[in-house]
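The values are calculated or read from the model by the stated rules, or taken from the named source; none is laboratory data. Remember, predicted model here, so these are calculated numbers, not experimental data. Reconstructed Cβ throughout: ideal geometry from the backbone, glycine too, with neighbour counts over all protein chains shown. Keep in mind that these areas ignore ligands, DNA and RNA; they rest on the heavy atoms of the full protein, side chains included. Shrake-Rupley method; radii C 1.70, N 1.55, O 1.52, S 1.80 Å.
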Amino acid sequence: ITSAVAFDILPLKLHPFSQSTPTGLDCVGWKRRISSPVIADGALDKTALTDDVGSEEDLYEDFRSSNHRYGHPGGGGEQLAINELISDGSVVYAEALWDHVTMDDQELGFKAGDVIEVMDATNKEWWWGRILDSEGWFPASFVRLRVNQDDPMEDYPLKVEGGKEDDSSSGTRRFGMGQTTKDQMRTNVINEIISTERDYIKHLKDICEGYIKQCRKRADMFTEEQLKTIFGNIEDIYRCQKKFVKALEKKFNKDHPHLSEVGSCFLEYQTEFQIYSEYCNNHPNACMELSRLTKVNKYVYFFEACRLLQKMIDISLDGFLLTPVQKICKYPLQLAELLKYTNPQHRDFKDVEAALNAMKNVARLINERKRRLENIDKIAQWQSSIEDWEAGEDVLVRSSELIYSGELTKISHPQAKSQQRMFFLFDHQLVCCKKDLLRRDILYYKSRINMDDMEILDIEDGKDKDFNISVKNAFKLHCRHTEEVHLFCAKKPEQKQRWLKAFENERRQVQLDQETGFSITEVQKKQAMLNASKQHHTGKPKAVTRPYYDFLMRQKHPTLPTTLPQQQVFMLAEPKRKPSNFWQNISRLTPFRK
């Protein structure tokens, strides 16, 4: 649909910000009416900043009379084409970009990478689809249409192991009205990669020039800190992607696209793509800040005027800001599809195979960093539930991950006195707590051990020479620089082995963090502790609750869902990633109280 942006005579309806706005599709679902506080040279007419909707009509008329027309390459046109295909009897397949987890029997659940047969796309936000013998509604923004629609359904989810397809004998397949080979399929995938990169660059350019540039001219509306929160490091991403697209263009064979050798480009830029980690981690904060600002009409008018002046498609700012998150998750899917249609004899085969693994690792690293940042809030909440913590520094000063926890008997010099204690092994430190004698769910902070200076010694059952006592299921922590020794005993041999394994994991985690450069900023630490403190002072339950992703969509609806679910973006690039064991370790100790 290439008509001008439609405006209604009714007042502007504020659209709540969502993390599931689709890329390239107009799923905003409301007609816009706009004041135009931004003028061509970037200055802002302060007289236009008013909450009186009626006073904005003259400025809108100036826009309309300037013959600005805004098309939408995806939106309604794509939806109409899908429905025409379905009505003609064609089978339309879509591939899941994210998990859709639901307990509603009216909805269709799936995992990232699943292939869905689209049966009805008349509603632009919710489509009706089928996987095997299951049918139901699913959010359209969670999927993308398959590049090769005529590729048989049963052949699509081929697993690539060792660079070979499960069905390597399929040399030709039906495509459109005639026969074709893998070369035609590969051409389609290459063309999609190139075209989507060009579109993506335009999105980034529009954000940097259409929004950020205008916002910086309005110091009375935005501080630099606000702009950093809203846009993150998207300007760095834009610079990186411009270089990446140039590299792709050089490798693109316009006359024979299937001969293009693009795998090396992904390998060259795999390290630079790690800058997406910072952006993805900041994205929830951007959504919250935008939601706060758009409660004031002048910001709504300002952002919309920025969009109109830049001649951007009809998607709200939060939708544009979601595109980098979607993009980094999409690379492994595109490369997997490219590898599927690349013959082992192709010069690009090994590079594409290596690029697929590299981009999976990038996505995995981003996911892991996101999970670690989410964990610091949980750690801060846990610390706030421990009594007498004032005697020690915050856990987050040195740590960001709970590795293991459990009950052990600690034996100390010089009297070899034994004490039952709860121990929490974090990266860099082991925290010791004591249970309340009457309320066993209450913990008191006692001490901690610096794991960076310790070596672990496995002790055989029998009499220990250092402590002159008989021990069973024991191990020691010995300081490398002093004579400090700590003796611990577990109740069972398997518990001892789990602790020994946990100590190995702790050292491995520390080494990995050093290699990848992972760290928690002081601002993030302070914010986590502040959030935990606010929860305590507002009288919220002191028991650590289950994480948000365990609460699935429970609202029942008889027909079409009324709202789009939020995407679990950062858990979807690698759907099979082992979930965090933080809450499994700590849930056994709840409820805590302070």
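Please work out whether segment 392-467 counts as rounded, prolate or oblate from its C-alpha gyration tensor, where a ≥ b ≥ c are the square roots of the eigenvalues and a/c under 1.5 means rounded, while otherwise a/b larger than b/c means prolate and anything else oblate?
Taking the square roots of the gyration eigenvalues as a ≥ b ≥ c, segment 392-467 is oblate.
On the protein heavy atoms, probe 1.4 angstrom, tell me the percent of accessible surface of segment 77-145 carried by carbon and sulfur.
After summing per-atom areas, the C and S share lands at 51 percent.
On a full-extension model of 0.36 nm per residue, what is the gain between residue 447 and residue 201, subtracting their alpha-carbon distance, rounded to one decimal in nm?
Gain on stretching residue 447 to residue 201: 83.3 nm.
Cross-link list 213/525; 435/525; 228/298; 228/295: which exceed 24 angstrom alpha carbon to alpha carbon?
With Cα atoms farther than 24 Å apart: 213/525; 435/525.
Under a plain spin-label model, where a point goes 7 Å from the Cα along Cα-to-Cβ, how far apart in nm are residue 256 and residue 531?
5.4 nm
If DNA, RNA and ligands are ignored and the probe is 1.4 Å, what is the ranking of 525, 246 by accessible area, most exposed first?
Sorted by accessible area, descending: 246, 525.
For residue 84 and residue 134, FRET efficiency with R0 = 35 Å and r from the beta-carbon atoms, rounded to 0.05?
Working from the Cβ atoms, E equals 0.85.
Please label the shape of segment 484-537 as rounded, prolate or oblate, based on the square roots a ≥ b ≥ c of the eigenvalues of the alpha-carbon gyration tensor (a/c under 1.5 means rounded; beyond that, a/b larger than b/c means prolate, else oblate).
The shape class here is oblate.
Send over the Kirkwood Rh of segment 423-533, from the inverse of the averaged 1/r over different Cα pairs, rounded to one decimal Å.
So the Kirkwood estimate lands at 16.3 Å.
Using the beta-carbon distance between residue 296 and residue 192 and R0 = 35 Å, what value does 1/(1 + (r/R0)^6) give for FRET efficiency, to the nearest 0.05?
Calculated value: 0.30.
Which distance in nm do the two modelled labels at residue 483 and residue 418 give, with both placed 7 Å along the Cα-to-Cβ direction?
Distance between label points: 2.5 nm.
I'd like the accessible area for residue 301, computed on protein heavy atoms only with a 1.4 Å probe and all protein chains in place. Round to 10 Å², please.
Residue 301 has an accessible surface of roughly 0 Å² with all protein chains in place.
Using heavy-atom solvent-accessible surface (probe 1.4 Å) with all chains present, what is the largest-first order of 516, 223, 271?
Output order, biggest surface exposure first: 271, 223, 516.
How big is the Kirkwood radius of segment 183-375, worked out from every pair of different alpha carbons and given in Å to one decimal?
That comes to 17.9 Å for segment 183-375.
Would you calculate the separation in nanometres between label points at residue 347 and residue 407, each defined as 7 Å from the Cα along the Cα-to-beta-carbon direction?
Taking the two extended label points, one gets 6.8 nm.
May I ask for the net charge around residue 355, where only other residues with Cβ less than 13 Å from the Cβ of residue 355 are counted and Lys, Arg are +1 while Asp, Glu are -1?
-3
Can you give me the long-range amide H partners of residue 261? Hydrogens built in the peptide plane at 1.01 Å from N, cutoff under 5 Å, separation of 5 or more residues or another chain.
Residues meeting the amide H criterion: 253.
Averaged per residue, what accessible surface does segment 392-528 expose to a 1.4 Å probe, in Å²?
For segment 392-528, the per-residue accessible area is 54 Å².
How much FRET efficiency would the formula 1/(1 + (r/R0)^6) give for residue 436 and residue 224, where r is the Cβ-Cβ distance and R0 is 56 Å, rounded to 0.05?
About 0.70, to the nearest 0.05.
Report the full-extension gain for the segment residue 271 to residue 243: residue separation times 0.36 nm, less the Cα-Cα distance, to one decimal in nm.
Answer, rounded to one decimal: 8.7 nm.
Whenever you get a sec, compute what percent of the accessible area on segment 183-375 sits on carbon and sulfur atoms (1.4 Å probe).
48 percent
For segment 410-451, which whole-number percentage of the solvent-accessible area (1.4 Å probe, protein heavy atoms only) is attributable to carbon and sulfur atoms?
The computed percentage sits at 51.
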